[in-house]
1. Given axes a ≥ b ≥ c from the Cα gyration tensor, I'd like to know whether the stretch 53-209 is rounded (a/c under 1.5), prolate (a/b larger than b/c) or oblate.
2. Can you give me the relative contact order of the chain as a percent, contacts being Cα pairs under 8 Å and 6 or more apart?
3. What ranking of 33, 65 emerges when the number of other C-beta atoms within 10 Å of each C-beta is taken as an exposure proxy, fewest first?
4. Nearest 10 degrees is fine. How inclined is helix 170-181 to the longest principal axis of the chain, computing both from alpha carbons?
5. Calculate how large, on average over all directions, the projected area of the Cα convex hull of the stretch 251-335 is; give the answer in nm² to one decimal.
6. Taking only C-alpha pairs under 8 Å that are 6+ residues apart, what is the relative contact order of the stretch 1-109 in percent?
7. Sort out for me the Cα centre separation of the stretch 23-99 from the stretch 172-191, rounded to whole Å.
8. If you rank 133, 46 by fewest surrounding Cβ atoms within 10 Å, what's the result?
Ligand code: SAH
């Protein structure tokens, strides 16, 4: 078995190369190829001697080199690309690259599958499979960096908003973000990282204790208790008012504004009463609300409200001095709701746009 090196701290790579009888500075060179140039093939690391490259390839592997791209979908506007990746154990995950006016951001998955069973979400259709490793999370960013680096560009933002619940894979998710922050890797600012949770309070408290200025997003989706429990069973274990308190505590500890995600589901949570209730909770909070017209999941029978209804909801929030936006449609034509491509693949169906 070859040793996997992607995501290792430099010191550990130095130790591994020393075991192979190589000089210490070689590790920094390999590090530079991997994380500053996005080159994963030892044979292309041309400032190493041929015999050294062969020695490395004989005993070490680099994860992104081993991961397969099963599907790649590009939106018609050219701004969003979605990859369905095949991990080394055969599991599949989705990763999305978005091109905004401020640069590139990647939406990464934290688990293969999900166990939260939110009613509107496709990620859990086949249940949770396993936590992703630190390397698998970092690799999702580097898949795109490998293409962007040669063009003088790079991924500048990461949102942990793909499949899975990041707080249930805390060490690997935050380990990956800390790895991406290193000056000798992606040198990414914590302020450009966001972690989205369905409201796992102990995880939110742990995140506050880390003391890093990472943004927190909370998936709210309903404020009436019985409706939130119907849509998000996790509300039984961690009910909404307590989640709000934990999020407020995070905002206070980190100085970062919390974003609340609210999926708009026609006839479910999009009434004027819902909007007013939401506004009451959000008023005077260091927070903003992101309204997300649902990406319909046929299996679940959820539909998107009419634009007029969305507008009315937004205006009620604004009238009550709540900062709110409607999520910009990106990649709608490539089925960008996380989990949908994977679910379609698992059923051996073609995604709608192919
Ligand atoms: N488990 C975390 C992160 C993954 S979900 C969380 O719950 O926040 C990322 C976001 O996508 C969540 O806000 C989730 O509710 C939303 N989402 C899931 N299914 C969706 C759908 N069909 N349409 C729009 N957004 C969806």
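Nothing in this text is a laboratory measurement; each read-out follows from the coordinates by a stated rule. Computed from a prediction, not measured in an experiment: that's the story for all the values here. For neighbour counting, all protein chains shown are included, and Cβ atoms are generated from backbone atoms with ideal geometry for every residue, glycine included.
1. Rounded, because the longest to shortest axis ratio a/c is under 1.5.
2. 14 percent
3. The fewest-first ordering by Cβ neighbours comes to 65, 33.
4. Between helix and principal axis, roughly 60 degrees.
5. 6.5 nm²
6. Rounded, it is 18 percent for the stretch 1-109.
7. 17 Å
8. Ordered by Cβ neighbours within 10 Å, fewest first: 46, 133.
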